[in-house]
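This report refers to the structure that appears directly beneath it.
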Amino acid sequence: MRLRNGLLLGGIFMAGLAVGTVAGPLHRAMGQNTPQDSTYQQLSLFGDILTQIKENYVFDPPTDKLIYNAVNGMLAGLDPHSGYMNAQQYADMQVQTSGQFGGLGLEVTQTSGLLKVISPIDGTPAARAGMKPGDIIVEINGKSTQGLDLDDAVTEMRGKPGTKITLTVKRAGITTPVVVVLTREIIKIQDVKEKLYTTPAGDVGYIRLDSFDEKAGAHVARAVARLKAQAHGYIHGYILDLRDNPGGLLDQAVAVGDDFLTNGEIVSTHGRHSEDDAVWYAQGDDITHGAPMVVLTNSGTASAAEIVTAALQQNRRALVLGTRTFGKGSVQTIMPIDNEGALRLTTALYFTPSGKSIQGYGVTPNVKVHETDLPPDAFAQMRETNLLNSFTNPTGLTTQPLPPALPLPAVARSIPSKPPAHWPAFDASNPATDFQLQMALKLVAAMGPHTTVAAN
């Protein structure tokens, strides 16, 4: 799966519009329907309104802008993840999925008129400046983002490398605005990072996956190989950190799941047309040879990251620790349009090995652990169900029951759901302050080797 089929599971909504004739494509879409069809009548209404605007609006607005806004509204009314990318945006998306692009290193979305940070990308200006998941960007260079669509906001934040930009944000737990000054640069994503930790049970390999770009599966396998070399061959267990991972390419979600499974279903998709129905099974070897495994999640774990989380959890390959995931269960197809960009259209829903959709629900961890003891902030906790026009969860498919979940080690009962009052403030450069990570190390150290049981 590449952009040829264009299956995406990313968490970023990219707005836009193609300008061109509608008669030909509309006729193809409607087939042999006559002009008396209600769709044609509604298009006549659209034409009348367009004429009135062009003739009587206080200024003469550009026709391409009017069509642009109209198509944006049509797509936004379908669901939060359908949209149109103009030629430049389409090129940017192709570059981004390749792992290198220009900008600040921010994954953003828009919900209820708010410009919200999904996550800063590690090692980028956004991460170094302290931007956080859940930040609401209220001003860009002193100009309010209210009423600014996502496409324009992204354009405002992009620019020549070396130039500065000032963002004003609303942050969870802080009542005053936070002003962040960043310097734009070319973003080269290092999507996978690894580190070896020492525990009483032996070395534990930690793998952080930021996004599912076109080489995510191979990069994860390479990280495991480097960890084994560093540990001189033996590693007790692994932690796969998918916190604030907004998703990416479907085939790479399958590839990462296949890295850790020997058999069993990884994911299936079901759409309006039979060609949108597919199922993927694990086919290779577990590159960790059955070592204990914990997956770290939070509300920013979305889409492709949720596929991997559910596949490893439901195939009894891993325990999940953290908080409930974002809940995006839809698949988008990228459809290039005559050198004018591409349509990003939701064409299917994906289903986990249990036969259920996570749309709106997300994946529930086996061990619930919050990253902070602060009260939940409504802005920071937005999920798929908070997005305008998000799908309701469809009826699950009829499937064979899954085997029971992996048994929790006794130590799980001693893991608190949030940090104690004396826990130090989180510092990204100091893993000892990362409460969820420390609890994951405690959990994986108490786990023994397993035998994977496939979902039927």
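The values are calculated or read from the model by the stated rules, or taken from the named source; none is laboratory data. It should be emphasised that the depicted structure is a prediction, and the values quoted were computed from it without experimental measurement. Note that we place each Cβ from the backbone using ideal geometry, even for glycine, and neighbour counts take in every protein chain shown.
Looking for whichever is under 21 Å from Leu196 (Cα atoms) and crowded, with 24+ Cβ neighbours inside 10 Å here; the options are Pro246, Pro292. Which one fits? Testing whether each residue is under 21 Å from Leu196 (Cα atoms) and crowded, with 24+ Cβ neighbours inside 10 Å leaves just Pro292. So which residues in segment 157-171 are within 26 Å of the chain's Cα centre (by Cα), of a type in the set (D, E, K, R) and either modelled with pLDDT of 90 or more or part of a strand (DSSP E or B) (or both)? Matches in segment 157-171: Lys170, Arg171.
Of the strands (runs of 3 or more DSSP E) lying entirely inside segment 259-307, those containing at least 3 residues that are within 21 Å of Val444 (Cα to Cα) and either in contact (Cβ under 8 Å) with a residue 60 or more places away in the chain or within 20 Å of the chain's Cα centre (by Cα) (or both) are 293-297. Can you find a residue that is within 24 Å of Gln313 (Cα to Cα), out of contact with any Pro (no Cβ under 9 Å at 6 or more places or on another chain), assigned to a strand (DSSP E or B) and without any contact (Cβ under 8 Å) to a residue 24 or more places away in the chain anywhere in segment 228-236? There is no residue in segment 228-236 that is within 24 Å of Gln313 (Cα to Cα), out of contact with any Pro (no Cβ under 9 Å at 6 or more places or on another chain), assigned to a strand (DSSP E or B) and without any contact (Cβ under 8 Å) to a residue 24 or more places away in the chain. In segment 258-273, what residues are farther than 27 Å from Thr346 by Cβ and surrounded by fewer than 19 Cβ atoms within 10 Å (Cβ to Cβ)? Selection gives Thr262, Asn263.
Please find, within segment 172-230, the residue that is modelled with the lowest pLDDT out of those that are β-branched (Val, Ile, Thr) and crowded, with 17+ Cβ neighbours inside 10 Å.
Taking the candidates together, the pick is Ile189.
When Val58 is tested against (1) among the β-branched types (Val, Ile, Thr); (2) crowded, with 16+ Cβ neighbours inside 10 Å; (3) more than 30 Å from Glu214 (Cα to Cα), just one condition goes unmet, and that condition is (2). Go through the residues of segment 153-162 one by one and say whether even a single one is free of Cβ contacts under 8 Å to residues at least 12 places away in the same chain, hydroxyl-bearing (Ser, Thr, Tyr) and not assigned by TED's automatic domain parsing to the domain that holds Tyr238. Yes, that holds for at least one residue. Looking only at segment 214-226, decide whether some residue is part of a loop (DSSP other than H, G, I, E, B), of a type outside the set (Lys, Arg), within 21 Å of the chain's Cα centre (by Cα) and in the same structural domain as Leu437 (by TED's automatic domain parsing). Yes, the conditions are met somewhere in segment 214-226. The condition of being within 30 Å of Val308 (Cα to Cα), at pLDDT below 65 and exposed (fewer than 14 other Cβ atoms within 10 Å of the Cβ) holds for Arg4. Kindly establish whether Ala348 is under 16 Å from Leu250 (Cβ atoms), modelled with pLDDT of 95 or more and not basic (Lys, Arg). So Ala348 fails the test.
Only one of Thr183, Thr175, Thr155 is in contact with a Pro (Cβ under 6 Å, 6 or more places away or on another chain), on the phi < 0 side of the Ramachandran plot and polar (S, T, N, Q). Can you tell me which?
Thr183
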